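Structure first, then comments.
Read-outs: derived from the displayed coordinates by stated rules, not from any lab. Note that this is a predicted model, so its numbers are computed, not measured. We place every Cβ from the backbone using ideal geometry, glycine too, and count neighbours over all the protein chains shown.
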Amino acid sequence: MTDKAGERFQRETRYTLENIGGHYLDWAKRPETYKVYRDAPLVLLPPPFDGPPPAADRPPTVGAADPADSLWKAIQRRRSVRQFAGDPVSLVDLSRMLWASAAVTRVAANQLYRAAPSAGALYPIETYVAANRVTDLPAGLYHYRVAGVDERGYVDPGGGHALEQLRLGGLGRELAQAALAQGLVAQAAVVFVWTAVFPRSRWKYRERAFRYVYLDAGHIAAQVSLAAVALGLGTCQIGAFLDGVVDDLVGIDGESEGTVYLTAVGHPAKGEIEG
């Protein structure tokens, strides 16, 4: 009989009144929230806004698109783009998309608030950037540093919003082959590769954590897609890929940390988006 792993996963991670209790958090074993490649060359990203970050009650002016663009217009205009032009994405636009999806947006006592929601504020999703054509950024693979972590393990919010350079050279063709030969991945100026550090969520939620991990990835991808529209760019979200191949390209083990989602970003080809 064929093992229906998806159905078994859904069944065995259900909450009931009988199984929801009896779990105590071991704070001494909580995994680190922030991943840092200490020896990687660091690329400081330009500030996403000219002035201070926008207040919660007013939208930012992002410049590349109509400054009056509202959230509602961005939602209306969002489409999956499968043909990209060859124009590069600017480094400041990449900075804005990273800010909109994964950045620290508010620093408070004992808490760093992030752009996208996360179950239990555990933030298992890591962002890797395959830069194929970005102005003022060499083609290569980068990891987004959300916040700095000093040698004692203390979090430094000021040490974040930067890219850690992991390897040089375009990855478009390799990622396209890993994404089941989807040519749009090779055409894209940037490909976001989202991975999940599973122990961060399992520490609290046990097997239920896997449900939350995929929800968290969806939140982040959705915010990138809307930020891209506001910047005059387009995206296509991709869930079909050879997991192990992408894991190897990123340099992760596929077990404690594994790839869960991709998003291709670039300038839409002429006629790709209407209205």
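Going by how many other beta carbons lie within 10 Å of each one, how would you line up Y113, Y123, fewest first? List each step's numbers first, then the result.
Details: Y113 11, Y123 21.
Fewest-to-most Cβ neighbours within 10 Å comes out as Y113, Y123.
Between L71 and R8, what length comes free when the chain is fully extended (0.36 nm per residue of separation minus the Cα-Cα distance, one decimal in nm)?
Length gained between L71 and R8: 18.8 nm.
Considering only the other residues whose Cβ falls under 13 Å of the Cβ of Y24, what net charge follows from Lys and Arg at +1 and Asp and Glu at -1?
My count for the surroundings of Y24 gives +3.
What distance in nm lies between label points placed 7 Å from Cα along the C-beta direction at R152 and D243?
Label-label distance for R152 and D243, simple model: 4.0 nm.
Got a sec? Which residues in region 81-112 would a label at L42 touch, if it sits 7 Å along Cα→Cβ and we count backbone N under 14 Å?
Zone members listed by number: none at all.
Sort I252, I75, I238 so that the residue with the fewest other Cβ atoms within 10 Å of its own Cβ comes first and the one with the most comes last. If you can, show how the numbers build up before the last one.
Details: I252 19, I75 12, I238 22.
Exposure proxy ranking, most exposed first: I75, I252, I238.
Which one, L168, G239, T127, is farthest towards the positive end of the dipole of the chain when Lys and Arg carry +1 and Asp and Glu -1 on their Cβ?
It is G239, whose Cα lies furthest towards the positive end.
Treat the count of other C-beta atoms within 10 Å as a stand-in for reagent exposure and order K35, K4 from fewest to most.
Listed from fewest to most nearby Cβ atoms, that is K4, K35.
With +1 on each Lys and Arg Cβ and -1 on each Asp and Glu Cβ, and nothing else charged, work out how big the dipole of region 133-224 is about its Cα centre, in Debye to the nearest 20.
420
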